[in-house]
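K.L.:
Sharing a structure with you now.
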Amino acid sequence: MTWLELADDTPFGLDNLPYGAFSVGGVPERRIGVPVGEHVLDLTAAAAETAAAFAPLLTSGVLNPLLAAGPGTWREVRERLRDWLTEPRYADQLRKHLVPQGEVTTHLAFEVADYVDFYSSEHHALNASEIFRPDAAELPPNWKHLPIGYHGRAGTVFASGTPVVRPRGQRKPRSADAPSFGPSRLLDIEAEVGFVVGAPSTVGTPVSTEDFADHVFGVCLINDWSARDLQAWESQPLGPFLAKSFATSVSPWIVPLAALDHARVEGPKQDPEPFDYLRTTENWGLDLALEIRLNGHLVSSPPFATQYWTAPQQLAHLTINGASLRTGDLYASGTVTGPERDQRGSLLELSWGGREPFELPDGQTRTFLEDGDEVVISGTAPGPGGARIGFGEVRGKVLPSPG
(Lines give C-alpha, C1' and ligand atoms only; values in the text may rest on other atoms or scores of the structure.)
Protein backbone atom coordinates (compact mmCIF):
# COMPACT_ATOMS: atom_id res chain seq x y z
CA MET A 1 0.00 0.00 0.00
CA THR A 2 1.15 3.54 -0.73
CA TRP A 3 -0.29 7.05 -0.72
CA LEU A 4 1.13 7.45 -4.21
CA GLU A 5 -0.84 6.60 -7.32
CA LEU A 6 1.29 3.89 -8.95
CA ALA A 7 0.36 1.86 -12.01
CA ASP A 8 0.24 -1.87 -11.34
CA ASP A 9 2.83 -2.50 -14.06
CA THR A 10 5.29 0.22 -13.09
CA PRO A 11 8.91 -0.96 -13.13
CA PHE A 12 9.64 1.52 -10.34
CA GLY A 13 7.35 0.36 -7.55
CA LEU A 14 8.04 0.10 -3.83
CA ASP A 15 9.83 -3.22 -4.29
CA ASN A 16 12.48 -1.55 -6.44
CA LEU A 17 13.56 1.90 -5.10
CA PRO A 18 16.84 2.32 -6.99
CA TYR A 19 19.15 5.30 -6.52
CA GLY A 20 20.65 7.83 -8.89
CA ALA A 21 21.83 11.42 -9.33
CA PHE A 22 19.73 14.06 -11.08
CA SER A 23 19.25 17.75 -11.70
CA VAL A 24 16.24 19.79 -12.77
CA GLY A 25 16.02 22.44 -15.47
CA GLY A 26 19.05 24.65 -15.83
CA VAL A 27 20.05 24.32 -12.17
CA PRO A 28 23.48 22.64 -12.08
CA GLU A 29 23.11 21.29 -8.54
CA ARG A 30 22.96 17.49 -8.52
CA ARG A 31 20.83 15.66 -6.02
CA ILE A 32 20.25 12.04 -5.05
CA GLY A 33 16.94 10.69 -6.26
CA VAL A 34 14.81 7.55 -6.22
CA PRO A 35 12.41 6.88 -9.12
CA VAL A 36 8.93 5.92 -7.92
CA GLY A 37 6.32 5.37 -10.60
CA GLU A 38 6.37 8.35 -12.97
CA HIS A 39 8.27 10.57 -10.51
CA VAL A 40 11.67 10.88 -8.88
CA LEU A 41 11.72 11.45 -5.14
CA ASP A 42 14.34 14.06 -4.24
CA LEU A 43 15.96 11.97 -1.53
CA THR A 44 18.43 14.70 -0.62
CA ALA A 45 15.58 17.11 0.20
CA ALA A 46 13.39 14.47 1.83
CA ALA A 47 16.14 13.32 4.17
CA ALA A 48 16.95 16.90 5.17
CA GLU A 49 13.32 17.81 5.83
CA THR A 50 12.72 14.76 8.01
CA ALA A 51 16.06 15.20 9.80
CA ALA A 52 17.08 11.66 8.90
CA ALA A 53 20.37 10.58 10.45
CA PHE A 54 21.72 9.65 7.01
CA ALA A 55 20.92 13.04 5.43
CA PRO A 56 24.59 14.18 5.37
CA LEU A 57 25.40 11.19 3.12
CA LEU A 58 23.16 12.57 0.37
CA THR A 59 24.50 16.08 -0.17
CA SER A 60 27.44 15.56 -2.54
CA GLY A 61 25.46 14.83 -5.70
CA VAL A 62 26.89 11.31 -6.02
CA LEU A 63 26.18 8.07 -4.19
CA ASN A 64 29.72 7.47 -2.94
CA PRO A 65 29.18 8.60 0.70
CA LEU A 66 26.12 6.36 0.94
CA LEU A 67 27.97 3.50 -0.75
CA ALA A 68 30.85 3.77 1.71
CA ALA A 69 28.51 3.68 4.73
CA GLY A 70 27.98 -0.06 4.34
CA PRO A 71 25.09 -2.52 4.41
CA GLY A 72 23.68 -1.45 7.77
CA THR A 73 23.06 2.07 6.49
CA TRP A 74 21.83 0.76 3.11
CA ARG A 75 19.14 -1.21 4.96
CA GLU A 76 18.23 1.79 7.12
CA VAL A 77 17.75 4.09 4.13
CA ARG A 78 15.66 1.52 2.27
CA GLU A 79 13.44 0.89 5.29
CA ARG A 80 12.95 4.63 5.80
CA LEU A 81 12.05 5.08 2.14
CA ARG A 82 9.40 2.40 2.36
CA ASP A 83 7.98 3.99 5.52
CA TRP A 84 7.85 7.43 3.90
CA LEU A 85 6.04 6.10 0.83
CA THR A 86 3.54 3.86 2.63
CA GLU A 87 2.60 5.90 5.71
CA PRO A 88 -0.04 8.55 4.84
CA ARG A 89 1.29 10.90 7.52
CA TYR A 90 4.32 11.62 5.32
CA ALA A 91 2.32 12.42 2.18
CA ASP A 92 2.04 16.20 2.59
CA GLN A 93 5.65 16.46 3.71
CA LEU A 94 7.11 14.52 0.79
CA ARG A 95 4.75 15.21 -2.10
CA LYS A 96 6.50 18.51 -2.84
CA HIS A 97 9.77 16.61 -3.32
CA LEU A 98 8.40 14.44 -6.14
CA VAL A 99 9.63 15.55 -9.56
CA PRO A 100 8.12 14.18 -12.79
CA GLN A 101 10.64 11.91 -14.47
CA GLY A 102 10.26 13.85 -17.70
CA GLU A 103 11.64 16.98 -16.00
CA VAL A 104 14.85 15.51 -14.62
CA THR A 105 18.28 15.16 -16.18
CA THR A 106 20.09 12.09 -14.89
CA HIS A 107 23.85 11.92 -14.34
CA LEU A 108 26.43 9.28 -13.54
CA ALA A 109 25.23 8.11 -10.14
CA PHE A 110 28.65 7.55 -8.57
CA GLU A 111 32.30 8.46 -9.00
CA VAL A 112 33.98 5.43 -10.52
CA ALA A 113 37.12 4.29 -8.72
CA ASP A 114 38.21 1.32 -10.87
CA TYR A 115 36.51 -0.47 -13.74
CA VAL A 116 36.89 -4.18 -14.50
CA ASP A 117 35.19 -6.08 -17.32
CA PHE A 118 34.74 -9.85 -17.34
CA TYR A 119 34.06 -12.41 -20.08
CA SER A 120 31.50 -14.67 -18.44
CA SER A 121 28.99 -15.81 -21.06
CA GLU A 122 29.84 -19.23 -22.44
CA HIS A 123 27.55 -18.66 -25.42
CA HIS A 124 29.31 -15.38 -26.25
CA ALA A 125 32.76 -16.89 -25.84
CA LEU A 126 31.91 -19.83 -28.11
CA ASN A 127 30.32 -17.55 -30.70
CA ALA A 128 33.36 -15.28 -30.76
CA SER A 129 35.67 -18.28 -31.11
CA GLU A 130 33.64 -19.67 -34.02
CA ILE A 131 33.51 -16.28 -35.75
CA PHE A 132 37.27 -15.84 -35.61
CA ARG A 133 38.32 -19.51 -35.85
CA PRO A 134 35.52 -21.38 -37.67
CA ASP A 135 37.64 -24.48 -38.17
CA ALA A 136 38.92 -24.66 -34.58
CA ALA A 137 36.29 -23.05 -32.37
CA GLU A 138 36.81 -23.70 -28.68
CA LEU A 139 36.92 -21.95 -25.36
CA PRO A 140 40.29 -20.71 -24.11
CA PRO A 141 41.88 -23.43 -21.93
CA ASN A 142 41.50 -21.33 -18.76
CA TRP A 143 37.92 -20.22 -19.40
CA LYS A 144 36.11 -22.74 -17.16
CA HIS A 145 38.71 -22.50 -14.40
CA LEU A 146 38.55 -18.76 -13.70
CA PRO A 147 36.49 -15.68 -14.58
CA ILE A 148 38.57 -14.04 -17.32
CA GLY A 149 38.65 -10.25 -17.13
CA TYR A 150 40.65 -7.11 -17.81
CA HIS A 151 41.03 -3.71 -16.17
CA GLY A 152 39.31 -0.92 -18.06
CA ARG A 153 39.48 2.83 -17.74
CA ALA A 154 37.41 4.59 -15.07
CA GLY A 155 37.78 8.00 -16.73
CA THR A 156 35.69 6.99 -19.75
CA VAL A 157 32.74 5.49 -17.88
CA PHE A 158 29.90 7.79 -18.92
CA ALA A 159 26.31 8.48 -17.93
CA SER A 160 23.56 7.15 -20.14
CA GLY A 161 22.81 9.61 -22.93
CA THR A 162 26.41 10.75 -23.38
CA PRO A 163 27.23 10.68 -27.13
CA VAL A 164 29.95 8.25 -28.19
CA VAL A 165 32.52 9.57 -30.65
CA ARG A 166 33.74 6.97 -33.11
CA PRO A 167 37.28 6.09 -31.95
CA ARG A 168 40.41 6.12 -34.07
CA GLY A 169 43.34 3.74 -33.96
CA GLN A 170 45.29 1.18 -35.88
CA ARG A 171 43.55 -1.66 -37.68
CA LYS A 172 44.80 -4.47 -39.90
CA PRO A 173 42.34 -6.79 -41.64
CA ARG A 174 43.65 -10.27 -42.31
CA SER A 175 43.71 -9.51 -46.01
CA ALA A 176 45.95 -6.43 -45.58
CA ASP A 177 49.73 -6.55 -45.76
CA ALA A 178 50.22 -3.67 -43.31
CA PRO A 179 48.18 -1.81 -40.70
CA SER A 180 46.40 1.46 -41.40
CA PHE A 181 45.25 4.27 -39.11
CA GLY A 182 41.85 5.91 -38.95
CA PRO A 183 38.33 5.75 -37.50
CA SER A 184 37.07 2.33 -36.46
CA ARG A 185 35.06 0.67 -39.20
CA LEU A 186 33.71 -2.09 -36.95
CA LEU A 187 32.16 -0.18 -34.05
CA ASP A 188 30.14 -2.46 -31.79
CA ILE A 189 28.21 -2.69 -28.54
CA GLU A 190 28.28 -5.12 -25.65
CA ALA A 191 25.14 -5.51 -23.54
CA GLU A 192 26.32 -6.13 -19.99
CA VAL A 193 25.26 -6.03 -16.34
CA GLY A 194 27.36 -4.04 -13.88
CA PHE A 195 27.94 -4.35 -10.14
CA VAL A 196 28.72 -1.31 -7.99
CA VAL A 197 30.97 -1.72 -4.94
CA GLY A 198 30.08 0.18 -1.81
CA ALA A 199 32.04 -0.96 1.24
CA PRO A 200 35.80 -1.17 0.59
CA SER A 201 38.13 -4.00 1.61
CA THR A 202 41.67 -4.19 2.96
CA VAL A 203 44.69 -4.69 0.75
CA GLY A 204 45.96 -8.25 1.14
CA THR A 205 42.62 -9.65 2.34
CA PRO A 206 40.55 -11.41 -0.34
CA VAL A 207 36.77 -11.05 -0.31
CA SER A 208 35.00 -14.42 -0.23
CA THR A 209 31.92 -15.28 -2.27
CA GLU A 210 29.93 -15.36 1.00
CA ASP A 211 30.83 -11.71 1.66
CA PHE A 212 29.57 -10.48 -1.70
CA ALA A 213 26.50 -8.70 -0.29
CA ASP A 214 28.60 -6.97 2.39
CA HIS A 215 30.50 -5.10 -0.31
CA VAL A 216 28.34 -4.82 -3.43
CA PHE A 217 25.65 -2.17 -3.20
CA GLY A 218 23.68 -2.72 -6.38
CA VAL A 219 23.30 -3.50 -10.05
CA CYS A 220 23.12 -1.43 -13.23
CA LEU A 221 23.09 -1.91 -17.00
CA ILE A 222 26.15 -1.29 -19.14
CA ASN A 223 27.01 -0.82 -22.78
CA ASP A 224 30.72 -1.48 -23.15
CA TRP A 225 31.33 -0.01 -26.60
CA SER A 226 33.94 -1.88 -28.63
CA ALA A 227 35.98 -1.22 -31.79
CA ARG A 228 36.40 -4.72 -33.18
CA ASP A 229 38.96 -3.84 -35.87
CA LEU A 230 41.19 -2.04 -33.36
CA GLN A 231 40.73 -4.92 -30.93
CA ALA A 232 41.76 -7.62 -33.43
CA TRP A 233 45.04 -5.88 -34.23
CA GLU A 234 46.09 -4.64 -30.78
CA SER A 235 45.17 -7.77 -28.78
CA GLN A 236 48.37 -9.55 -29.77
CA PRO A 237 49.50 -10.72 -27.29
CA LEU A 238 47.79 -8.65 -24.57
CA GLY A 239 44.11 -7.87 -24.12
CA PRO A 240 41.84 -4.97 -25.10
CA PHE A 241 43.26 -1.46 -24.88
CA LEU A 242 42.15 1.35 -27.23
CA ALA A 243 39.34 -0.84 -28.55
CA LYS A 244 37.55 -0.68 -25.19
CA SER A 245 38.87 2.35 -23.31
CA PHE A 246 37.06 5.08 -25.27
CA ALA A 247 33.54 4.67 -23.81
CA THR A 248 31.53 2.61 -21.34
CA SER A 249 27.94 3.76 -20.77
CA VAL A 250 26.07 3.14 -17.50
CA SER A 251 22.34 3.29 -16.78
CA PRO A 252 21.22 6.08 -14.42
CA TRP A 253 19.61 4.00 -11.66
CA ILE A 254 21.48 1.61 -9.37
CA VAL A 255 19.13 -1.16 -8.26
CA PRO A 256 20.02 -2.36 -4.73
CA LEU A 257 20.68 -6.05 -4.19
CA ALA A 258 17.76 -6.08 -1.74
CA ALA A 259 15.37 -5.43 -4.64
CA LEU A 260 16.51 -8.55 -6.50
CA ASP A 261 15.62 -11.32 -4.07
CA HIS A 262 12.93 -12.67 -6.43
CA ALA A 263 15.36 -12.60 -9.35
CA ARG A 264 17.95 -14.89 -7.77
CA VAL A 265 18.34 -18.24 -9.47
CA GLU A 266 20.83 -21.05 -9.54
CA GLY A 267 23.59 -20.46 -12.04
CA PRO A 268 24.57 -22.96 -14.75
CA LYS A 269 26.29 -26.14 -13.61
CA GLN A 270 30.05 -25.61 -13.57
CA ASP A 271 32.34 -28.37 -14.76
CA PRO A 272 35.07 -28.78 -13.69
CA GLU A 273 34.25 -27.88 -10.11
CA PRO A 274 35.77 -24.48 -9.30
CA PHE A 275 38.58 -24.00 -6.81
CA ASP A 276 37.48 -23.53 -3.20
CA TYR A 277 37.68 -19.73 -3.33
CA LEU A 278 35.19 -19.68 -6.24
CA ARG A 279 32.61 -22.00 -4.70
CA THR A 280 29.31 -20.50 -3.56
CA THR A 281 26.69 -21.55 -1.03
CA GLU A 282 23.98 -19.10 -2.19
CA ASN A 283 22.24 -18.72 -5.53
CA TRP A 284 23.42 -15.48 -7.07
CA GLY A 285 22.54 -16.14 -10.67
CA LEU A 286 20.12 -13.37 -11.64
CA ASP A 287 17.11 -13.74 -13.90
CA LEU A 288 17.43 -10.44 -15.72
CA ALA A 289 15.82 -9.94 -19.13
CA LEU A 290 17.71 -7.47 -21.33
CA GLU A 291 16.57 -5.83 -24.55
CA ILE A 292 18.76 -4.16 -27.18
CA ARG A 293 17.23 -1.58 -29.50
CA LEU A 294 18.99 -0.06 -32.49
CA ASN A 295 17.37 3.16 -33.74
CA GLY A 296 14.22 2.16 -31.91
CA HIS A 297 14.05 -1.38 -33.28
CA LEU A 298 14.33 -4.41 -30.99
CA VAL A 299 17.23 -6.51 -32.30
CA SER A 300 18.01 -8.84 -29.37
CA SER A 301 16.79 -10.02 -25.95
CA PRO A 302 19.72 -11.51 -24.03
CA PRO A 303 18.98 -13.51 -20.83
CA PHE A 304 21.41 -12.82 -17.98
CA ALA A 305 20.56 -16.07 -16.14
CA THR A 306 22.69 -17.98 -18.67
CA GLN A 307 25.97 -16.40 -17.46
CA TYR A 308 28.50 -19.10 -16.51
CA TRP A 309 30.33 -17.12 -13.80
CA THR A 310 28.29 -15.27 -11.17
CA ALA A 311 28.93 -11.87 -9.61
CA PRO A 312 30.18 -13.27 -6.24
CA GLN A 313 32.65 -15.49 -8.09
CA GLN A 314 33.89 -12.54 -10.11
CA LEU A 315 34.35 -10.48 -6.96
CA ALA A 316 36.22 -13.30 -5.23
CA HIS A 317 38.52 -13.74 -8.21
CA LEU A 318 39.05 -9.99 -8.47
CA THR A 319 40.44 -9.88 -4.92
CA ILE A 320 42.05 -13.32 -4.46
CA ASN A 321 45.51 -11.92 -5.18
CA GLY A 322 45.08 -9.39 -2.36
CA ALA A 323 43.80 -6.52 -4.49
CA SER A 324 41.48 -4.30 -2.48
CA LEU A 325 38.04 -2.94 -3.26
CA ARG A 326 37.36 0.79 -3.23
CA THR A 327 34.07 2.60 -2.89
CA GLY A 328 32.83 3.25 -6.40
CA ASP A 329 34.53 0.27 -8.03
CA LEU A 330 32.52 -1.01 -10.97
CA TYR A 331 32.80 -4.43 -12.50
CA ALA A 332 30.83 -5.75 -15.44
CA SER A 333 29.68 -9.18 -16.51
CA GLY A 334 30.98 -9.09 -20.05
CA THR A 335 28.70 -9.50 -23.04
CA VAL A 336 25.40 -11.19 -22.15
CA THR A 337 24.43 -13.72 -24.83
CA GLY A 338 21.94 -16.57 -24.78
CA PRO A 339 21.77 -19.74 -26.87
CA GLU A 340 19.39 -18.35 -29.53
CA ARG A 341 20.13 -16.07 -32.47
CA ASP A 342 17.86 -13.31 -31.11
CA GLN A 343 19.64 -13.46 -27.73
CA ARG A 344 23.07 -12.29 -28.90
CA GLY A 345 24.48 -9.35 -26.96
CA SER A 346 26.74 -7.79 -29.61
CA LEU A 347 26.57 -6.83 -33.28
CA LEU A 348 29.66 -8.98 -33.79
CA GLU A 349 27.43 -11.98 -33.09
CA LEU A 350 24.23 -10.64 -34.64
CA SER A 351 26.04 -10.10 -37.97
CA TRP A 352 28.36 -13.07 -37.45
CA GLY A 353 31.51 -11.00 -37.79
CA GLY A 354 30.00 -8.86 -40.54
CA ARG A 355 29.44 -11.80 -42.87
CA GLU A 356 25.66 -11.94 -42.28
CA PRO A 357 24.08 -8.45 -42.31
CA PHE A 358 20.84 -8.34 -40.35
CA GLU A 359 17.77 -6.42 -41.42
CA LEU A 360 15.94 -3.85 -39.32
CA PRO A 361 12.15 -3.52 -39.49
CA ASP A 362 12.47 -0.30 -41.53
CA GLY A 363 14.33 -2.18 -44.27
CA GLN A 364 17.83 -0.99 -43.41
CA THR A 365 20.58 -3.51 -42.78
CA ARG A 366 23.52 -3.42 -40.40
CA THR A 367 26.67 -5.32 -39.66
CA PHE A 368 28.29 -2.80 -37.29
CA LEU A 369 27.30 0.67 -36.12
CA GLU A 370 27.03 3.63 -38.47
CA ASP A 371 27.38 7.30 -37.51
CA GLY A 372 24.08 8.58 -36.15
CA ASP A 373 22.95 5.18 -34.85
CA GLU A 374 21.46 5.17 -31.35
CA VAL A 375 21.58 2.10 -29.12
CA VAL A 376 19.33 1.65 -26.09
CA ILE A 377 19.73 -1.26 -23.67
CA SER A 378 17.02 -1.84 -21.07
CA GLY A 379 16.27 -4.57 -18.59
CA THR A 380 13.87 -5.89 -16.00
CA ALA A 381 13.87 -8.57 -13.31
CA PRO A 382 11.03 -10.46 -11.58
CA GLY A 383 9.71 -8.96 -8.38
CA PRO A 384 7.14 -10.15 -5.82
CA GLY A 385 3.60 -10.89 -6.95
CA GLY A 386 4.39 -10.82 -10.63
CA ALA A 387 5.84 -7.29 -10.55
CA ARG A 388 8.83 -6.33 -12.68
CA ILE A 389 11.88 -4.54 -11.31
CA GLY A 390 13.11 -1.93 -13.80
CA PHE A 391 16.68 -0.81 -14.43
CA GLY A 392 15.89 2.07 -16.75
CA GLU A 393 17.83 2.50 -19.98
CA VAL A 394 21.45 2.92 -20.96
CA ARG A 395 21.44 5.02 -24.12
CA GLY A 396 24.13 6.23 -26.51
CA LYS A 397 24.31 7.79 -29.97
CA VAL A 398 27.31 7.42 -32.28
CA LEU A 399 28.97 10.64 -33.45
CA PRO A 400 31.47 10.71 -36.33
CA SER A 401 35.19 10.72 -35.69
CA PRO A 402 36.64 14.24 -35.64
CA GLY A 403 39.44 13.21 -37.97
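K.L.:
Does region 323-348 hold any residues that are buried (at least 23 other Cβ atoms within 10 Å of the Cβ) and of a type in the set (D, E), and which are they?
P.N.:
Within region 323-348, D329 is the sole residue that qualifies.
K.L.:
Considering only residues that are assigned to a loop (DSSP other than H, G, I, E, B) and of a type in the set (S, T, N, Q), which ones fall in region 129-145?
P.N.:
Kept after step one, since they are assigned to a loop (DSSP other than H, G, I, E, B), are these residues of region 129-145: 133-145.
Correct list: N142 only.
K.L.:
Might you let me know whether region 65-77 holds any residue that is at pLDDT 95 or above, of a type in the set (K, R) and not in a helix (DSSP H, G or I)?
P.N.:
No, the conditions are met nowhere in region 65-77.
K.L.:
Let me ask something else about it. Could you say which residue among L94, L108, L81, L58 is in contact with a helix residue (DSSP H, G or I) (Cβ under 6 Å, 6 or more places away or on another chain) and either under 30 Å from F158 (Cβ atoms) or surrounded by fewer than 15 Cβ atoms within 10 Å (Cβ to Cβ) (or both)? Before the answer, list the steps.
P.N.:
On the way: L94 fails: either under 30 Å from F158 (Cβ atoms) or surrounded by fewer than 15 Cβ atoms within 10 Å (Cβ to Cβ) (or both); L108 fails: in contact with a helix residue (DSSP H, G or I) (Cβ under 6 Å, 6 or more places away or on another chain); L81 fails: in contact with a helix residue (DSSP H, G or I) (Cβ under 6 Å, 6 or more places away or on another chain).
Sole residue among the options that is in contact with a helix residue (DSSP H, G or I) (Cβ under 6 Å, 6 or more places away or on another chain) and either under 30 Å from F158 (Cβ atoms) or surrounded by fewer than 15 Cβ atoms within 10 Å (Cβ to Cβ) (or both): L58.
K.L.:
While we're on this one: Quickly run through region 188-221 and pick out the residues that are in contact with a strand residue (DSSP E or B) (Cβ under 7 Å, 6 or more places away or on another chain), in a loop (DSSP other than H, G, I, E, B) and under 21 Å from R279 (Cβ atoms). Don't jump to the end; show me each part of the working.
P.N.:
Applying the first criterion (in contact with a strand residue (DSSP E or B) (Cβ under 7 Å, 6 or more places away or on another chain)) to region 188-221 yields 188-198, 215-221.
If we keep only those that are in a loop (DSSP other than H, G, I, E, B) too, we end up with 189-190, 198.
None; the set is empty.
K.L.:
On to the next question. Residue by residue through region 146-180, note down the ones that are open to solvent by less than 30 Å² (accessible area, probe 1.4 Å), in a strand (DSSP E or B) and in contact with a helix residue (DSSP H, G or I) (Cβ under 8 Å, 6 or more places away or on another chain).
P.N.:
Those that are open to solvent by less than 30 Å² (accessible area, probe 1.4 Å), in a strand (DSSP E or B) and in contact with a helix residue (DSSP H, G or I) (Cβ under 8 Å, 6 or more places away or on another chain): G169, R171.
K.L.:
Take the conditions in a loop (DSSP other than H, G, I, E, B), of a type outside the set (D, E, K, R) and closer than 28 Å to N142 by Cα and apply them to P252. Does it pass?
P.N.:
Working: in a loop (DSSP other than H, G, I, E, B): yes; of a type outside the set (D, E, K, R): yes; closer than 28 Å to N142 by Cα: no.
Taking the combined requirement at face value, the residue does not satisfy it.
K.L.:
Give region 111-128 a look and list any residue that's open to solvent by less than 30 Å² (accessible area, probe 1.4 Å) and not in a loop (DSSP other than H, G, I, E, B), or say none.
P.N.:
Those that are open to solvent by less than 30 Å² (accessible area, probe 1.4 Å) and not in a loop (DSSP other than H, G, I, E, B): Y115, V116, D117, F118, H124, A125, N127, A128.
K.L.:
Looking at region 380-392, I want the residues that are crowded, with 18+ Cβ neighbours inside 10 Å and have a partner that is at pLDDT below 95 and charged (D, E, K, R) with Cβ atoms under 7 Å, at least 6 apart or on another chain. Which pairs are those?
P.N.:
Nothing qualifies.
K.L.:
Search region 1-23 for residues being under 21 Å from V250 (Cβ atoms) and of a type outside the set (F, W, Y), and hand back the single one that is surrounded by the most Cβ atoms within 10 Å (Cβ to Cβ). Break it down stepwise before answering.
P.N.:
Initially, region 1-23 is screened for residues under 21 Å from V250 (Cβ atoms), giving 11-12, 16-23.
Next, from what is left, pick out any that are of a type outside the set (F, W, Y): 11, 16-18, 20-21, 23.
Numbers: P11: 21, N16: 25, L17: 23, P18: 25, G20: 28, A21: 24, S23: 16.
The qualifying residue surrounded by the most Cβ atoms within 10 Å (Cβ to Cβ) is G20.
The values are calculated or read from the model by the stated rules, or taken from the named source; none is laboratory data. Fair warning: this is a prediction, and the values are worked out from it, not measured in the lab. Neighbour counts run over all protein chains shown; Cβ positions are idealised from the backbone, glycine included. SASA here: full protein model, heavy atoms, side chains in, ligands and nucleic acids out. Shrake-Rupley method; radii C 1.70, N 1.55, O 1.52, S 1.80 Å.
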